[in-house]
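Only one structure is covered here, and it is reproduced in the block below.
Read-outs: derived from the displayed coordinates by stated rules, not from any lab. In this text the structure is predicted, and so the values were computed from the model without any measurement. Heads up, the Cβs are rebuilt from the backbone with ideal geometry, glycines too, and the neighbour counts pull from every protein chain shown.
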Amino acid sequence: MQQTDGISGLTKMAVGSVLMVISTQAFAVEGYKDIYLDREAPINIHSIYCGKDLKNLRALKGGYVYTNTQHIEKGTYYFTSQYGEFSYTFNPISGQDSSKILARGLLSAGKMNKNDMQKEVCIVGKIAGLPKVLLDGIHTKTMRVEDPEWDVTMTKYGFFGKPAFGKGVYKDSRTLAKYDDHDQKIYDANQAYIQKVEALFAENFEALASGLPKRFEDAVKYAYQEDGFLAHKKYPTVKEPTVWTAAAKKRYDVQMHHLTQGVAYDKIIQANFDWFFNLTGKGNALTSSWVLKRSELTWNGQIIEQTATIRASFADGKSLDLDFIIKSEKLSTSVFATLAEVKKASFAKRNSIIMGANKPIKPITPPAQLQVYSSAEKKVLFFSPFRSGRDHYTFQ
């Protein structure tokens, strides 16, 4: 038997004969209580399928109903859309499970007479044997009143009709003052934290930048003093153990590692000297050095960066400009959250199902100090950043 749109005759038989006999001729929709949504209670958005009868499953059309209850109640729900106001009146069907099948009467275009109702049968819950495409489409989405995704979700489903929160009232305003106030405090505290961090960085940067000329002079003196040291340096010999026990091998490996690392480090130092003397010429005396300029403070992701340029003049009249990038420690991403992101994180925290994890987020306290790093901290590695291939220097 050929299957069309995922629904075959064999599938229909699997649904059960009970669906085959239900049609709009089998019941009468009656008027019941008017049902309006409570703004301050969780809202369930039920997806349903309705049609004249359930014999032709392919003819069913999808829709949505908003409730404050777990199931769609007996009564009349009101909606508005771009085509005007309309209502759905739901009523149980004798002999049927009301959590799965309901009768529905549609009144639109301002009609109020029950005789004008468009009568339909609706599948409102999962029924064994239904085609997968229908089973997957029948679901319930729950939104809490303080859900930060409220507006986006209501706009998405509002295409099918906005629910009424009172007679003729379709605005979904919510009283979220206590949540909004708390989230605003979180956001304001984050902004104060960032401002404090920038102030601390500025203090540290100025201290480091001001000391760069002296550090440069010390590095040049060190280069003249230690240049060529590698050619005369003697390294200890690591002897292999007489008996290769596990402990002896471990001790031997540690000693070899330290030796290898020491040799590699010394080669870096000599390479720094070679770079500097190849650039300026050995014997070209340093006459003066000073901070030439400071760049503006910038954020590079979660790190603050700022550049200080020093200029060094030499006896031959040439000068060397070195750009030192000074960086802060990496800050937490949560500090940079927008107010919308703060609301979303706060909502998730309040409604966490993990025991003890649903405590409110506390506003962050501005730091008392900040770690700031400079590539000029060690004179033995002073020139390393500039010989790495990055363009941080100019010699002219």
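Expressed in whole Å with the largest first, what are the equivalent ellipsoid semi-axes of region 179-395 derived from the C-alpha gyration tensor as the square root of 5 times each eigenvalue? Walk me through the numbers on the way to the answer.
Details: eigenvalues 410, 197, 25 Å².
Each semi-axis is √(5λ); the values are 45, 31, 11 Å.
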Here region 310-317 yields Karplus 3J(HN,Hα) values (6.51, -1.76, 1.60; θ = phi - 60°; whole Hz; Gly and Pro given as x) of 9, 10, 10, 9, 10, 4, 7, x
Per residue, the convex hull enclosing the alpha carbons of region 120-181 has a volume in Å³ of 135 Å³
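Two decimals, Cα atoms only, Kirkwood Rh: what is Rg/Rh over region 40-118? Walk me through the numbers on the way to the answer.
Details: Rg = 13.1 Å, Rh = 13.7 Å.
Rg divided by Rh gives 0.96.
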Farthest towards the positive end of the dipole of the chain, among 276, 381, 235 and with Cβ unit charges of +1 on Lys and Arg and -1 on Asp and Glu, lies the Cα of 235
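State to the nearest 20 debye the size of the charge dipole of region 179-395 about its Cα centre, where the only charges are +1 on K and R beta carbons and -1 on D and E beta carbons. Numbers along the way, then the final one.
Values: 29 positive and 24 negative charges, 158 e Å.
Computed about the Cα centre, the dipole is about 760 debye.
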Spelling it out for residue 32: with amide H atoms placed in the peptide plane at 1.01 Å from N, the residues 5 or more places away or on another chain with amide H under 5 Å from its amide H are 76
Taking the chain and counting helices only, DSSP H stretches of n ≥ 4 at -39,500 (n - 2.57) each over all residues, the nearest-500 ellipticity at 222 nm comes to -10500 deg cm²/dmol
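Divide, for region 140-298, the radius of gyration over alpha carbons by 2.2 N^0.38 Å, where N is the residue count. Don't skip to the answer; put the middle values down first.
Working: Rg = 33.3 Å, N = 159, 2.2 N^0.38 = 15.1 Å.
Here the answer is 2.21, to two decimals.
Quick check on the exposure proxy: order 112, 117, 154 from fewest to most C-beta atoms within 10 angstrom.
112, 154, 117
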In whole Hz, the Karplus estimates of ³J(HN,Hα) for region 99-107 (6.51, -1.76, 1.60; θ = phi - 60°; x where Gly or Pro) are 7, 10, 9, 9, 8, 9, x, 9, 10
One computes Rg over Rh for the chain from alpha-carbon atoms, with the Kirkwood Rh, and obtains 1.30
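By average Cβ neighbour count within 10 Å, what is the ranking of 93-103, 321-331, 128-138 from highest down? Don't skip to the end; give the middle numbers.
Numbers: 93-103: 16.6, 321-331: 18.3, 128-138: 14.9.
Output ranking for 93-103, 321-331, 128-138: 321-331, 93-103, 128-138.
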